[in-house]
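Each remark here refers to the structure printed beneath this line.
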Amino acid sequence: MDTGTLTKKGRTSLSRHRSVWEMRADGWIGLVDQLSQLSTLASEHREYARRLKTVTELMAELTPIESYWAFPGGRVFNELCSWIERGELARAHSAARRIHRVLAARTYRHESNALDGDSELPSQIETDSERQAQLSRPYFEVLIVDEMAASEEDALRRRVQRKRSADDDFIFDIVVVPSFEDALMATLVNFNLQAVVIRHGFPFRSVNHNDMLRRFLDGLDEGIELMPEFERGPLLGRQIAQLRPELDLYLVTDVNVEDIAARVGEVFKRIFFGEEDHIELYSSIMKGVGERHRTPFFNALREYAKQPTGVFHALPLARGKSIMNSNWIGDLAQFYGMNLFMAETSATSGGLDSLLDPVGPLKVAQEYAARAFGARRTYFATNGTSTCNKIVVQAMVRPDDIVLVDRNCHKSHHYGLVLAGAQVAYLDSYPLDQYSMYGAVPIRHIKETLLGFRRAGTLERVRMVLLTNCTFDGIVYDVERVMMECLAIKPDLVFLWDEAWFAFARCHPIYRHRTGMAAAAKLAETLKDPQYAQRYATFRAGLDWDDDQALLDQRLLPDPAKARVRVYATHSTHKTLTALRQGSMIHVWDQDFKDKAEEAFHEAYMTHTSTSPNYQILASLDVGRRQVELEGYELIQRQLELAMSLREQVRIHPLLKRYFRFLRVSDVVPLQYRESGVESYYNDESGWNNLEAAWRTDEFALDPTRATLTIGATGMDGDTFKNKELMDKYGIQINKTSRNTVLFMTNIGSTRSAIAYLLEVLVKIARDVEARVSDMSAIERSIHERKIRSLTLEQPPLPDFSSFHFAFRGRSVEGRAETRDGDIRSAFFLSYDDVNCEYIGMEEAAKEIRAGRELVSALFVIPYPPGFPILVPGQVISAEILQFMAALDVREIHGFRPELGFRIFNEVALARAAQATAARAALAVAGRAALPQEQDPQNEAATTAVPATTPAKATKRSKK
C-alpha cells in the first residue's frame, strides 16, 4: 500500500474540509485509534475488514496533506503505509502513536530524534525546558520546489543538517514538492514555512486533486503547461508572493540568470545560478528570517533594563525603586514581576528613542511595521485608534473642507471633525431593521453625494471620504472599487479607512485585498499600466459625463493622468493582534505625502501624541509586528476556521438551533450588493469556494470571524443575555449587542477548547430557557411570547440621518441652494453656553414636531447599543428618530437625560446662528465674484475629473 495507491483510492478535495489542519489532527487521532483496535483483531474477525477499510481511508486523506510538511516526512510516512499493507499492524500502531504525540506536542521543532525507536515517548504537555528550547532557537521549514527522486531529497536534507551550527539563531528543515500546484498547496497549508526555494524545471500539475487552487490559477493554468520551464519559476514566485507576501523567495536557475534577475528581481530576495552558491543560499535563508524576527525597539528596551542606571528625573517607579522601598505596595511587583518596572523609564537616550522624533530603534521598528502591513510609512500610537483617527483628520482636513463620513462611524471621527472645523456630510448605511444594526454605505450613495456637490459647485471643497472597514458587525467594503469610482469623480480625494477591527486582515490572502493598504498599492500599479490608460480612454469616450444617472448606473474608472492615490488606514492593533491595550498604528500610502501632507501630519501627530508614551505599549507593537510576519497567516487561518466551526455546530445542534442562529452573509448583506449570489460561505458540497467567490466579487463581504448570534427566541434582549447570562453566570466576555443579537468574535488567541466551552454554555442556557418556559403559568407564558414577538418581529425602524438645520447647513457656490453638509463645529461649541439651550422631553418633543417646530440637537446622542450617534450637534430631530428612541429598551444613552430629555437649541440661538451663516455665505459669494477667474493649482484635478454642469467660474476656487 504505497502513497500512490492511497491517493488514487481517496482523491478527496482538500477544499471540502473546513480546516485542513483540523482534518490532519483528527486524522491522526482516528488512525491511532483504529490501528489500536485493528492490531488486536484476527484477520478473520468480522470487524477486521471494516476497520482496515477505515484505516485505508484515513491514510488516503492524510497522504496529500503529509506531503506538504517536513515532519514526519515522506520516508517515515511511506514506511507506515507499507507496514499497514503488509499487516504489521502492531508496528504501524506504535509508529502512528509516536508520530501523533510528536505532532501534538510539536517536539519535532526542537528534537531531531523525536522518532528514534529508543527515545522516550513524547509527552503532549510541553515542559519548561522544551519551551525554552523553542524560544532559544525557533524552528521553521523551507519549501523546495523541484522534481527529485527520494534519494536526492534525502541527500539534500542531510546537506542542510550538516550546515547547522550551534551559533545559528534558528533551525530549519526542508519540504520538497515536485510541481507548481503542489508548491501553491504547500504555501496555503504549511504554516511552518518561512522561505521558498524555486529550482529550475518542474511540472505544473499535481497528482493530488486541488480544486481549492482554482481561484489562484484562473487564466493561468491553460498556458502554464506550454510555458518554457525557465519562465515557470518566476511565475510561481509571483503567485506565492500574492498568497503570502511575508515569505522570503529564492530562485535557483540554470539558464539566463542575469536576464531573469533583471526582469523579476523585485519578487525574489536573491537569485542564484545552479548549485554554485548553496552556502550563500543557506546563509541568505537564515538572514532573511532574522530580519523579520528582529524587534529593534523591544530589543533596545530589554538591553536598557539590564543596565545599571541612576534615576534623577521623572518616574519614581522606574527600575522598581519606589516599590522595593515600600512597606505597603510590594504586591504590585509580585503581581507584575520586576521586568515591567526595570523597563519603565522616561529616557529617550541610552539606546532608546523618542516617539515624537524617532531616529533610532523606534524609527526602524516603524519601518518594519510598514513593510509588514504593506504601507509606505507607519506611525505608532500609544493612546488608541481614537487618537490615530484625530491625527489623520486634523492633518488632512482644513477648516471649511467637506468630508463624507459614515454616520455610524466611531465617535472619535465625529469629535475629530469638530476639532478640524470640517463641513460634515453624513452618509447613510443600509439598515438591518430586523437585527437593530446598520450595514455599510453603498457606493451608489457615495457617488450620489459627490455628484450633488458637483451640481452645487462645491465639489472642489470635498476633501476626504471616511469609512469604517470592517464594521463592528463584520461588513467589509470592496475598497478598491470604492476608491476607483470616487476618484473618477474627484481625483484628489483623500481616503481614511478606519480598520480598527481589521488589523489582522493583511495576514490572509482572502482578507488582504480588501484592506486599505493592499488596495492602494494595487490601484497605484493599475493607474501606471499603459493597458489601463487605453481601457480608460475607451470608457471615457463612451459615457456622457454630464448625465448623473448614467454616472450612477455605470461602474466608473478614474483618469490615470489625474487620479492620485492618497490612502490612510488606522489600526487598533491591540484589538485583533498581539499588543497591549491602546497600542495602535497609522498606515500611510499617499503619493503626495511629501509634498502636501508631511508637515501637517507631523504637527497633528505632535498635537495628539503624549510626550510620555508608554514604552511597554511600543515594545508590544514591535513584537506584534514580528508575529504578523512570522506566524500571522497560521493564526488568522485558525481564527477563521474556529469561527466556521462554531457556526456549523450551532446550525446542526438540535437544541441550539431552536433558540439561536448565527447570521449568514445573506442576512446582513442584501442581495443587490451580492453579485455572487452566495448565501452561506461554507457548505459540504463546495467547501470554501463560496467564501472566496463572494470576497472576490461582492460589493460588501462578511467577515466570518464576526459571528452575530440571534437570541430573540429566548425572550432575552442582548444586554440581559450579555450581562446576566454570559458574564455573570459563565464568565464569557463579549462586547457588542443589539436588541436581539450578541456578537462573538474569534481572534488569534481563540482555541478549540474555548469554542467547546462556548457551545457548552449555549446548551446550558437553552436548557434553562426550556425549563423556565415549562414552569410558566398561562399568564407568564403569554408575557414571554409577547416579549419574543417584540424581539423577533417588532423591531423599531432604524432612522437615517435627517438633516442639519438651516443655521448650520452648507451652501452651494452661489449661496442660494443648501447642500448636504453641515458645520458641526459651530453647533458643538454653540451648545457650551447654557443660554443657547433648553431641554425638552420625549412627549413634548413629539407634540412640537407635529406642530411644525424644528427641534435641533445640541449634543451627540448615542444609545448603547447600537453605539453610533443618532443625533449630532446641529441635526434636526425627526419624527423617525423619536420613534426609534421611544422603542429603545437600552439603559445607556449618552447625551440624553431621561429626567430632562433632549438638550436642544432655543429659537433665539438658532436665529442668530442662521443670520451668521447667511452672512458668511453672502460674503463668500461676493468674494468669489470679485476674484479673477484663476484655477487653484492644488484643486485643478477637482474640477477637471468629471466635467462640471455649473458655470466654470462657479466651480473655481481662489488662491489663498
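Within region 738-769, track down each residue that is farther than 24 Å from VAL890 by Cα, open to solvent by less than 30 Å² (accessible area, probe 1.4 Å) and assigned to a loop (DSSP other than H, G, I, E, B). Scanning region 738-769 gives a single hit, THR746. Within region 55-68, if we keep just the residues that are hydroxyl-bearing (Ser, Thr, Tyr) and either closer than 18 Å to ALA95 by Cβ or open to solvent by 40 Å² or more (accessible area, probe 1.4 Å) (or both), the residue that is nearest to the chain's Cα centre (by Cα) turns out to be SER67. Checking LEU830, LEU859, LEU855 one by one, the residue that is hydrophobic (A, V, I, L, M, F, W, C) and under 37 Å from the mean Cα position of the chain (by Cα) is LEU859 and no other. Contact map, region 768-781: residues that are within 22 Å of LEU655 (Cα to Cα) paired with residues that are open to solvent by less than 90 Å² (accessible area, probe 1.4 Å) and basic (Lys, Arg), Cβ distance under 9 Å, separation 6+ or inter-chain. Pairs shown: VAL773/ARG781. Checked against (1) at pLDDT 95 or above; (2) open to solvent by less than 10 Å² (accessible area, probe 1.4 Å), HIS513 meets all criteria but (2). The set of residues in region 296-340 that are farther than 30 Å from ARG626 by Cα, open to solvent by less than 40 Å² (accessible area, probe 1.4 Å) and among the hydrophobic types (A, V, I, L, M, F, W, C) contains only ILE323. Of the residues making up region 640-698, those that are farther than 24 Å from CYS507 by Cα, within 22 Å of the chain's Cα centre (by Cα) and among the aromatic types (Phe, Trp, Tyr) number 2.
Total residues in region 411-435 satisfying the condition of being under 22 Å from GLU699 (Cα atoms), open to solvent by 10 Å² or more (accessible area, probe 1.4 Å) and within 24 Å of the chain's Cα centre (by Cα): the figure is 5. For VAL669, are the conditions met, namely being touching a residue at least 60 places away in the same chain (Cβ under 8 Å), closer than 19 Å to ARG514 by Cβ and aliphatic (A, V, I, L, M)? The answer is yes for VAL669.
When region 88-104 is filtered for residues that are in contact with a Ser or Thr (Cβ under 7 Å, 6 or more places away or on another chain) and surrounded by fewer than 19 Cβ atoms within 10 Å (Cβ to Cβ), only ALA90 remains. Considering only region 810-825, state which residues are crowded, with 22+ Cβ neighbours inside 10 Å and of a type in the set (Asp, Glu). Scanning region 810-825 gives ASP821, ASP823. When LEU362 is tested against (1) modelled with pLDDT under 95; (2) within 25 Å of THR609 (Cα to Cα); (3) buried (at least 18 other Cβ atoms within 10 Å of the Cβ), just one condition goes unmet, and that condition is (1). Looking only at region 376-392, residues that are more than 19 Å from THR471 (Cβ to Cβ) and at pLDDT 95 or above come to 10 in all.
State yes or no: is ASP400 on the phi > 0 side of the Ramachandran plot, charged (D, E, K, R), in contact with a helix residue (DSSP H, G or I) (Cβ under 9 Å, 6 or more places away or on another chain) and assigned to a loop (DSSP other than H, G, I, E, B)? Against the criterion (on the phi > 0 side of the Ramachandran plot, charged (D, E, K, R), in contact with a helix residue (DSSP H, G or I) (Cβ under 9 Å, 6 or more places away or on another chain) and assigned to a loop (DSSP other than H, G, I, E, B)), ASP400 qualifies. Criterion applied to THR573, THR578, THR526 was being at pLDDT 95 or above, in contact with a Ser or Thr (Cβ under 8 Å, 6 or more places away or on another chain), open to solvent by 10 Å² or more (accessible area, probe 1.4 Å) and on the phi < 0 side of the Ramachandran plot, and the one residue passing it is THR578. The strands (runs of 3 or more DSSP E) found wholly in region 776-879 and carrying at least 2 residues that are closer than 30 Å to THR708 by Cα occupy 862-864. ILE783 fulfils the conditions (1) farther than 17 Å from ASP400 by Cα; (2) open to solvent by less than 80 Å² (accessible area, probe 1.4 Å) except for a single criterion, (2). Going through PHE806, PHE868, PHE896 one at a time, which residue ends up being modelled with pLDDT of 90 or more, among the aromatic types (Phe, Trp, Tyr) and within 30 Å of ARG398 (Cβ to Cβ)? Matching residue, one of PHE806, PHE868, PHE896: PHE806. If the condition is being closer than 20 Å to LYS657 by Cβ and surrounded by fewer than 23 Cβ atoms within 10 Å (Cβ to Cβ), then region 710-729 contributes THR710, ALA713, GLY715, MET716, PHE721, GLU725, LEU726. Screening ASP544, ASP529, ASP548, ASP559 for residues that are out of contact with any helix residue (DSSP H, G or I) (no Cβ under 8 Å at 6 or more places or on another chain) and farther than 20 Å from LEU467 by Cβ leaves exactly one candidate, ASP529. Of the numbered criteria (1) surrounded by 15 or more Cβ atoms within 10 Å (Cβ to Cβ); (2) in a loop (DSSP other than H, G, I, E, B); (3) modelled with pLDDT under 95, the one ASN735 fails is (1).
Tallying residues that are open to solvent by less than 30 Å² (accessible area, probe 1.4 Å) and either at pLDDT below 90 or of a type in the set (D, E, K, R) (or both) within region 875-887 yields 2. Remark: pairs (first residue in region 236-252, under 17 Å from PHE202 (Cα atoms); second residue open to solvent by 10 Å² or more (accessible area, probe 1.4 Å) and hydroxyl-bearing (Ser, Thr, Tyr); Cβ separation under 8 Å; 6+ apart in sequence or on different chains) = TYR250/SER284. Looking at region 801-809, can you tell me whether even one residue there is of a type in the set (Ser, Thr, Tyr) and surrounded by fewer than 22 Cβ atoms within 10 Å (Cβ to Cβ)? The answer is yes, given that some residue of region 801-809 is of a type in the set (Ser, Thr, Tyr) and surrounded by fewer than 22 Cβ atoms within 10 Å (Cβ to Cβ).
Scanning region 474-498 for residues that are in contact with a Pro (Cβ under 9 Å, 6 or more places away or on another chain) and open to solvent by 10 Å² or more (accessible area, probe 1.4 Å) turns up just one, MET484. Exactly one residue out of ARG903, ARG891 is out of contact with any strand residue (DSSP E or B) (no Cβ under 6 Å at 6 or more places or on another chain), among the basic types (Lys, Arg) and at pLDDT 70 or above: that is ARG891. Scanning region 38-54 for residues that are in a loop (DSSP other than H, G, I, E, B) and more than 17 Å from ALA90 (Cβ to Cβ) returns GLU44, ARG46.
Yes/no matrix, rows are residues, columns are (1) at pLDDT below 85; (2) basic (Lys, Arg); (3) under 21 Å from ILE65 (Cβ atoms):
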residue: LEU193; (1), (2), (3): no, no, yes
residue: PHE202; (1), (2), (3): no, no, yes
residue: ASN208; (1), (2), (3): yes, no, yes
residue: LEU213; (1), (2), (3): yes, no, yes
residue: GLU222; (1), (2), (3): yes, no, no
residue: PHE230; (1), (2), (3): yes, no, no
residue: LEU235; (1), (2), (3): no, no, no
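When residues in region 564-595 are screened for being under 20 Å from GLU367 (Cβ atoms) and of a type outside the set (A, V, I, L, M, F, W, C), 11 of them pass. Residue pairs whose Cβ atoms lie under 6 Å apart, sitting 6 or more positions apart in sequence or on different chains, and linking a residue in region 159-172 that is under 14 Å from VAL289 (Cβ atoms) to a partner that is aromatic (Phe, Trp, Tyr), are ILE171/TYR139; PHE172/PHE140.
The values are calculated or read from the model by the stated rules, or taken from the named source; none is laboratory data. Remember, it's a predicted structure, so these values are computed and weren't measured experimentally. Glycine also receives a Cβ, built like all others from the backbone with ideal geometry; neighbour counts cover every protein chain displayed. Quick note on the areas: whole protein, heavy atoms, side chains included, nothing else; ligands and nucleic acids left out. Shrake-Rupley method; radii C 1.70, N 1.55, O 1.52, S 1.80 Å.
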